[in-house]
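Here the structure comes first, spelled out in structure tokens, and everything after it is commentary.
The values are calculated or read from the model by the stated rules, or taken from the named source; none is laboratory data. From a predicted model like this one, the values you see are computed outputs, not experimental measurements. Methodologically, a virtual Cβ is constructed for each residue, glycine included, from the backbone with ideal geometry; neighbour enumeration extends over all protein chains shown.
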Amino acid sequence: MPPSGLAILIGAGPNTGTGIARILSHPSHGNLAVALLARRSEALDDVVSTVRKTDPNAVLESFPTNTSKTSLEKVFGDIKAHQSFTDLKLQIAIYSIKHSSKKPFLEETYEDFTESLETYVGGAFTFAQESVKRFFADHGETLLAEGAPKKGTLIFTGTLGALRCSAQFAAYGAGRASVRQLAQTLAREMSERGIHVVHTIANGGIEDADGEAQKTGKKMSADAVGETYLFLHNQKPCLWTHELDMRPACEKF
């Protein structure tokens, strides 16, 4: 069965990213071709290899990149031109970057603090802007109120740090909270234009497994995250979730 559309995932790592890619690409779930983005080509190769163990025909392509403006703009052009994605319209774009910083405040430097924000928040901005441009290019810009269908789903994977932070996490908290606010303003601007914007809060460990830790509610399953993201994408305009808190049953909050 040929893919019905395209998904772009940045932060395609061995746990969360692998589960998301497996669910989105599998014919019985998302049936999408997936462009996988991450800094290291070796990590991307591992994701592709793992996903193809369960679906040898999955349409997955790797694009090593960082979150700089230049790199992200280039990689979106490369995705558009890639022969595996010919005639496929973008359906889902997911920003799922792991980025953390812990340092006593008086040891923090202006340079490190602003670099952290540029890497994480700046990357989220450019990724979102390029995704929105692609949604409109693929699906048009007619408003939902004028009868247009949903144009796609933009998801930011956040953490509890977007809501509250512990000591020594100044840069981390500033970045996570900023991306949460970016998602909120985008949702308010883009919803009526047919783009569903979601900010999720991953509160707890995520593993690419379905073992005892998942069965007893101690850790989340990466596949379950992928299924949740596909559920969000399939929501109709009569009910769109904007923020979703995700945690295993036994996680304290």
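Within region 200-215, is there a residue that is of a type in the set (Lys, Arg) and in contact (Cβ under 8 Å) with a residue 12 or more places away in the chain? No - not one qualifying residue is present in region 200-215.
Checking the stated criteria, Lys219 turns out to be without any contact (Cβ under 8 Å) to a residue 40 or more places away in the chain and in contact with a Pro (Cβ under 6 Å, 6 or more places away or on another chain).
For first residues located in region 110-133 and more than 20 Å from Val198 (Cα to Cα) and free of Cβ contacts under 8 Å to residues at least 60 places away in the same chain, partners that are surrounded by 15 or more Cβ atoms within 10 Å (Cβ to Cβ) and aliphatic (A, V, I, L, M) and lie 6+ apart or on another chain with Cβ distances below 8 Å form the pairs Asp112/Ala171; Ser116/Ala171; Ser116/Ala174. Which ones in region 216-253 are more than 22 Å from Leu32 (Cβ to Cβ), modelled with pLDDT of 95 or more and acidic (Asp, Glu)? If the condition is that a residue be more than 22 Å from Leu32 (Cβ to Cβ), modelled with pLDDT of 95 or more and acidic (Asp, Glu), then Glu243, Asp245 are the ones that fit. Checking each residue of region 91-105 against the condition of being assigned to a helix (DSSP H, G or I), out of contact with any Leu (no Cβ under 6 Å at 6 or more places or on another chain) and within 30 Å of Pro149 (Cβ to Cβ) gives no match. Condition check: surrounded by fewer than 18 Cβ atoms within 10 Å (Cβ to Cβ) and more than 28 Å from His242 (Cβ to Cβ). Does Ser49 satisfy that? Yes, satisfied.
Checked against (1) free of Cβ contacts under 8 Å to residues at least 40 places away in the same chain; (2) within 24 Å of Val47 (Cβ to Cβ); (3) assigned to a loop (DSSP other than H, G, I, E, B), Ser166 passes all but a single condition, namely (2).
For region 177-227, taking the residues that are part of a helix (DSSP H, G or I) and among the hydroxyl-bearing types (Ser, Thr, Tyr), the one that is farthest from Tyr95 (Cα to Cα) is identified as Ser191. Going through (1) over 24 Å from His233 (Cα atoms); (2) touching a Gly at 6+ places or on another chain (Cβ under 8 Å); (3) among the polar types (S, T, N, Q) one by one, Ser96 falls short only on (1).
All of (1) in a loop (DSSP other than H, G, I, E, B); (2) closer than 24 Å to Ile201 by Cβ hold for Asn57 with one exception: (2).
Here is a list: Leu24, Leu44, Leu9, Leu36. Which entry is under 21 Å from Leu232 (Cβ atoms) and in a helix (DSSP H, G or I)? After applying the criteria, what remains is Leu24.
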